[in-house]
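Asker: Structure in structure tokens, see below.
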Amino acid sequence: MESPAVGGVPVVILSGPLILGYILNWGLYGVLSTQVYLYYIAFPNDRLYAKALVYGTYTLETLQSILIAHDAFKTFGQGFGNFDVLNSIQFLWLTIPVIGGIATCLVQFFYAYRISVLSQTKLMAIIISVMSIGQWVAAILAGVFAVKAGTLTKLDSAAVRTAQGVWGGLSAACDITIAACMSYELSRRGTGFRSTQALLIRILRLVVGTGILTALMDIVNLILFNGISHTAYFIVPGAILGKLYTNSMMVILNSRLDIVGGRHADQSGSEIMMQPSSFRANLQESHSRRAESEHGVSLSGSEGKRPAWDSELGMEENNLKGIQIGVNIQKTVALSPPQ
């Protein structure tokens, strides 16, 4: 028995990528919500621009997930079995290229600003910003052309392909440039402290890893859209691109946290105490007694001076305050000094 078709295209080629893209988008939205909550709890004293960026991108991603849920219900609930509804663009023109392009642009601006602070020059930041604006404009044009197409099976027009190609190409090039610049700037910064150097190496790995991941996803989206016509395979990477960018930014921001006694703790028995608004680790002897649990988690911060290359994220140096967040899964046992 042959599978039903829409405009000569098998239904599964349209419905399969739609379902997978919707599920992955909402899964990554859950991850993003957790990261934003951790940021809200741990870094109340970050500067206004950092908070606006975090909560602004989270609002965009929330809107995207709501619209995607609307499309999912209309396609597989209200319009189940209706091939015309399945083939309709609905809000995909807005959720994937437009909202995704805006979120990508904001995150790339964040990295551009960080690079300008680290390098003390604006040249590379300007180049990255120009590429980011270019991909944003191309993404908006792709959304406009998608609305005019009206259906998924008509997205193979020259206008849509050109706009999508420029969008994906510039976005991937921008990500690679960001990863290269951040890697160079972070790798040439020696601190003289083993714990701080370990933190820089961890951040470096995060920057390179997230940059490569987003660039690869841009390339995959580009190949699926332009290389395989009359399919909806491109919706899978397209639906998660924005979430990947915002999650990668939150990973970098939340990397200032450390789990006392966790995998990144100092092996000598000392605690690595993380400042709430810096990428600096302070090594502190653990002479004080604290409550512990076999499965307890403690995120800590300490007072101290912030490195100048990261001071723009948080408050002024003379206003630094420590933070401590304790999460105990089992009953804790208080340790008291021997009498």
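Asker: Which numbered condition in (1) closer than 30 Å to I133 by Cβ; (2) in contact (Cβ under 8 Å) with a residue 60 or more places away in the chain is the only one that I13 fails?
Answerer: All conditions pass for I13, except number (1).
Asker: Where residues in the range 156-190 are free of Cβ contacts under 8 Å to residues at least 40 places away in the same chain and not in a helix (DSSP H, G or I), which of them is nearest to H230 (Cα to Cα)?
Answerer: Here the answer is S157.
Asker: Okay, moving on. Between a first residue in the range 121-144 that is closer than 14 Å to D175 by Cβ and not assigned by TED's automatic domain parsing to the domain that holds F109 and a second residue that is of a type outside the set (V, I, T) and buried (at least 18 other Cβ atoms within 10 Å of the Cβ), which pairs have beta carbons less than 8 Å apart while being 6 or more apart in sequence or on different chains?
Answerer: none
Asker: Quick one: is L244 at pLDDT 95 or above and assigned by TED's automatic domain parsing to the domain that holds N87?
Answerer: It is true that L244 is at pLDDT 95 or above and assigned by TED's automatic domain parsing to the domain that holds N87.
Asker: Based on this model, can you work out whether S171 counts as closer than 29 Å to P10 by Cα and of a type in the set (G, A, S)? It would help to see each step written out before you state the result.
Answerer: Numbers: closer than 29 Å to P10 by Cα: no; of a type in the set (G, A, S): yes.
Against the criterion (closer than 29 Å to P10 by Cα and of a type in the set (G, A, S)), S171 does not qualify.
Asker: Do we find a residue being farther than 17 Å from G211 by Cα and either surrounded by 19 or more Cβ atoms within 10 Å (Cβ to Cβ) or under 25 Å from the mean Cα position of the chain (by Cα) (or both) anywhere in the range 169-183?
Answerer: At the first step, the residues of the range 169-183 found to be farther than 17 Å from G211 by Cα are none.
No, the conditions are met nowhere in the range 169-183.
Asker: What pairs come up if the first residue lies in the range 16-38 and is within 15 Å of M217 (Cβ to Cβ), the second is of a type in the set (A, V, I, L, M) and not in a helix (DSSP H, G or I), and their beta carbons are under 9 Å apart, counting only those six or more places apart or on different chains?
Answerer: Close Cβ pairs satisfying both conditions: P17/A232; G21/A232.
The values are calculated or read from the model by the stated rules, or taken from the named source; none is laboratory data. Quantities reported herein were computed from a predicted structural model and do not represent experimental measurements. When we count neighbours, we look across all protein chains shown, and the Cβ atoms used for this are built from the backbone with ideal geometry, even at glycine.
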